[in-house]
Amino acid sequence: MSVTLSAKTVVQDLLDFIDGSPSPFHVIKNIEDWLAEQTQSWERLEESAKWTIQPGGRYYVVRDDSSIILFVQGQKPLIETGFKIIGAHTDSPGLRLKPNAASGSNGLLRLGVEIYGGPILATFTDRDLSIAGRIAYKNDEDHITSSLIKIERPLLRLPNLAIHMNRTVNEDGLKLQKQTELPLILSTLADEQLPAALFSELLQQQSGIEAARILSWDLAVYDTQKGAFWGAENEFYADSQLDNLASCHSALQALLDPSILEPEATLVCSFFDHEEIGSTSNKGADGSFLPDVLERIALATASNLEDFPRALAKSFMISADMAHAYQPSFPNAFDAEHKVFVNKGPVIKVNANNNYSSESISVAMFSDWCKQEDVPYQYYSHRCDLPCGSTIGPLTSAKLGIRSIDVGNPMWAMHSIRESAGVLDHEYMIRVMKRFYSS
Ligand code: ZN
């Protein structure tokens, strides 16, 4: 197996993207910065404004700072081409700070956290953690506004208990009591210091916003360790949030590819927050964001109201989310006939109970795009005696009534704070997505 320079370069770009995006808010900010660097100009549309959309125009819409929809308006009418959509999610499971986060005891200040989605909690121990997210505050004009914050250095830690006090940890696994054992150590605390005041002071220093003006926040805990290549040939890579920033990154690479300058069809990338907690929110995949934006594109460009459902009937969505690669230490966790392997190509996920939206026609279409690109592909089916995960594909295809497929690249340790995947697969996925957009 040889890892080409271009495959490594694009994964390095992914790792830089992830390392700069420790919260869903930063994901959107980084995408916006990326768009600003493009030779083609991208226009931000506000949901509260009237939209004017031109064929060939490039636009994006952000909802509440952490979900984004980008689209390139096609040269042909929507009723002829439909929308070609790739969907993914901007959030990852982990820990989120509680509102009254700071508490003190025994000379230590700890920050209380809530569990967001389904992280592997044990992986959060003994890591160089910090915080990032959005702070809401009152500005000089007395308006409520917000600002992003990312504290770049190791700031917090959840130290393990020594094995001398937890003798069966290697037999029983590490079990953390969610209420009492998850608060993260931030600092020592002198008797006269108030925990909340000390934490506010830290936020003031790091954000440049006067503590008295800070009203609330959405702050995530993240791992400050940067992404890395590993393996004898550097054929693997590791980072946090591969699920699902790797899919966002591959879709963006496809959409921004210079070969797709003036597409016939309208091309859409939709990246949602809140997938890890079920997608039901104002900006989640089960909310109104994508239907609203697609309908407005149709209203701004179509000749009558019937055009929108007609366009949906011709549309297709690739729901891209990561897949579970075979791990030889745990052979019994996998269906023997549906093992998928790192560096062996994109995974088509199939589930008869519609936890994945793939069906025979969409699978045939996707596998055909793979063949056209000379990209290998694999099928994943979960063990029948284990509950299967799900993702945004079934929700969005149900909401819009469009044909859809669930795919994703194989990875290890999904929902660990340090996940890993294969270098070749990232480039494979980008190629297939480009083929979809130009098909
Ligand atoms: Zn995911």
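A short reminder: the numbers here are calculations on the coordinates, not readings from a lab. Note that the structure is predicted; figures quoted are calculated from it, not measured. Cβ placement follows ideal geometry from the backbone for every residue including glycine, while neighbour counts extend to all protein chains displayed.
A compact table of results
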{"quantity": "Cut-off under 5 Å, modelled amide H: who pairs with Gln75 long-range", "calculated": "Gly56, Glu264, Ala265"}
{"quantity": "Those residues of segment 386-425 whose amide nitrogen sits under 16 Å from the label point placed on Ser288, 7 Å along Cα→Cβ", "calculated": "399-400"}
{"quantity": "Added length on full extension, which subtracts the Cα-Cα distance from 0.36 nm per residue, Glu306 to Lys371", "calculated": "19.8 nm"}
{"quantity": "Highest-MSF residue in the chain out of Ala232, Ala298, Ala325 [GNM, Cα springs under 10 Å]", "calculated": "Ala232"}
{"quantity": "Cα gyration tensor shape for segment 343-423, rounded if a/c is under 1.5, else prolate or oblate", "calculated": "oblate"}
{"quantity": "Greater than 22 Å apart at Cα, pairs in Lys29/Lys150; Lys76/Lys349; Lys50/Lys283; Lys98/Lys138", "calculated": "Lys76/Lys349"}
{"quantity": "Nitroxide proxy distance, nm - points 7 Å out along Cα→Cβ at Leu386 and Lys50", "calculated": "5.5"}
{"quantity": "For the chain, built as a Gaussian network whose Cα springs stay under 10 Å, the top-fluctuating residue of Asn354, Asn106, Asn409", "calculated": "Asn106"}
{"quantity": "Segment 344-403 and segment 286-332: distance between their alpha carbon centers, rounded to Å", "calculated": "13"}
{"quantity": "GNM top mover of Ser329, Ser315, Ser21 - the chain, alpha-carbon springs below 10 Å", "calculated": "Ser329"}
{"quantity": "Rounded D (µm²/s) - segment 182-225, Kirkwood Rh over Cα pairs, Stokes-Einstein at 10 °C, 1.306 mPa s", "calculated": "130"}
{"quantity": "In nm, spacing of pseudo-spin labels at Ser147 and Ala313 (7 Å Cα→C-beta vector)", "calculated": "5.3"}
{"quantity": "Calculated Rg and Dmax of segment 216-299 using C-alpha coordinates, Å", "calculated": "17.2, 54"}
{"quantity": "Size descriptor, Kirkwood hydrodynamic radius, that averages inverse alpha-carbon separations across segment 94-223, Å", "calculated": "15.9"}
{"quantity": "Distance from segment 118-170 to segment 1-35 (C-alpha centre basis), Å", "calculated": "22"}
{"quantity": "Length gained when the stretch Glu264-Ser103 is fully extended (0.36 nm per residue, less Cα-Cα span)", "calculated": "52.2 nm"}
{"quantity": "Radius, Kirkwood style, for the chain when every pair of distinct Cα atoms is counted (Å)", "calculated": "23.0"}
{"quantity": "Cα extents of segment 22-122 along the three principal axes, largest first (Å)", "calculated": "67, 26, 24"}
